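Chemist: Quick one: the structure is below, questions incoming.
Coordinate-derived values only; no laboratory data. Owing to the predicted nature of the structure, the values given are computational and were not obtained by experimental measurement. With ideal geometry, Cβ positions are generated from the backbone for all residues, glycine too; neighbour counts draw on all protein chains shown.
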Amino acid sequence: MDSHLTIRQCALFWCTVILGDRLLGLIYLTDKEDHFEFTPTDERVIETLAAYAAVAITNARLYKGLAERDEALTQRNEDLALINHMGASMAGSLEIDGILRETLKRVMEYINVDEVRFTSAKKADKSSIGFAFRG
């Protein structure tokens, strides 16, 4: 298929932006000044630019995907660090009050809130234990 035409003394040229077997886009050029049609040199330049554009588009998409995966892995590492630290705090203490305070303090820092409240009811004597932390 011919990729350029001349209609009513108006030049039109298009070039596909392809990488491998994936069509990424099209480049259209119209109304060339000084001539009514595009030259073979024009075509080679635009086809070269289209090839570079295909590589640049693909690289940008790959980079975006890597950045998103990196962000997800960073978040998972932070989550695991919190869980690990909380586990170590719990293993190092037998005091329920200390474990609760440390856990709530870490959760508060992790999710960046100004206040955390915890209330625990005791079934036997219907009393409760409560904690509140403010940043």
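Chemist: Give the shape of segment 30-79 as rounded, prolate or oblate, defined through the alpha-carbon gyration tensor: a ≥ b ≥ c are the square roots of its eigenvalues, a/c under 1.5 means rounded, and otherwise the shape is prolate if a/b is larger than b/c and oblate if not.
Modeler: prolate
Chemist: Determine, from the Cβ-Cβ distance of Asn77 and Val107 and an R0 of 22 Å, the FRET efficiency 1/(1 + (r/R0)^6), rounded to the nearest 0.05.
Modeler: Numbers: r = 17 Å, r/R0 = 0.78.
The formula returns an efficiency of 0.80 here.
Chemist: Once you have the Kirkwood Rh of segment 45-109 from its Cα pairs, apply Stokes-Einstein at 20 °C and 1.002 mPa s and quote D in µm²/s. Working shown, then result.
Modeler: Numbers: Rh = 15.4 Å.
Rounded, D is 139 µm²/s.
Chemist: Here's another thing I want to ask about it. At a Förster radius of 30 Å, what calculated FRET efficiency corresponds to the Cβ-Cβ distance of Val55 and Thr30, to the nearest 0.05?
Modeler: 0.75
Chemist: Give me the net charge of Ser89's neighbourhood, meaning all other residues with Cβ under 14 Å from the Cβ of Ser89; Lys, Arg count +1, Asp, Glu -1.
Modeler: Working: positive: Arg101, Lys105, Arg106; negative: Glu95, Asp97, Glu102, Glu109.
Surrounding charge for Ser89 is -1.
Chemist: While we're looking at this one, here's another question. Could you give the spread of the C-alpha atoms of segment 1-119 along their three principal axes, from largest to smallest, in whole angstroms?
Modeler: Cα spread of segment 1-119 along its principal axes, largest to smallest: 88, 28, 20 Å.
Chemist: With a 10 Å radius around each residue's Cβ, average the other Cβ atoms per peptide and rank 87-100, 49-62, highest first. Mind showing how you got there, number by number?
Modeler: On the way: 87-100: 11.8, 49-62: 13.5.
The peptides rank, most packed first, as 49-62, 87-100.
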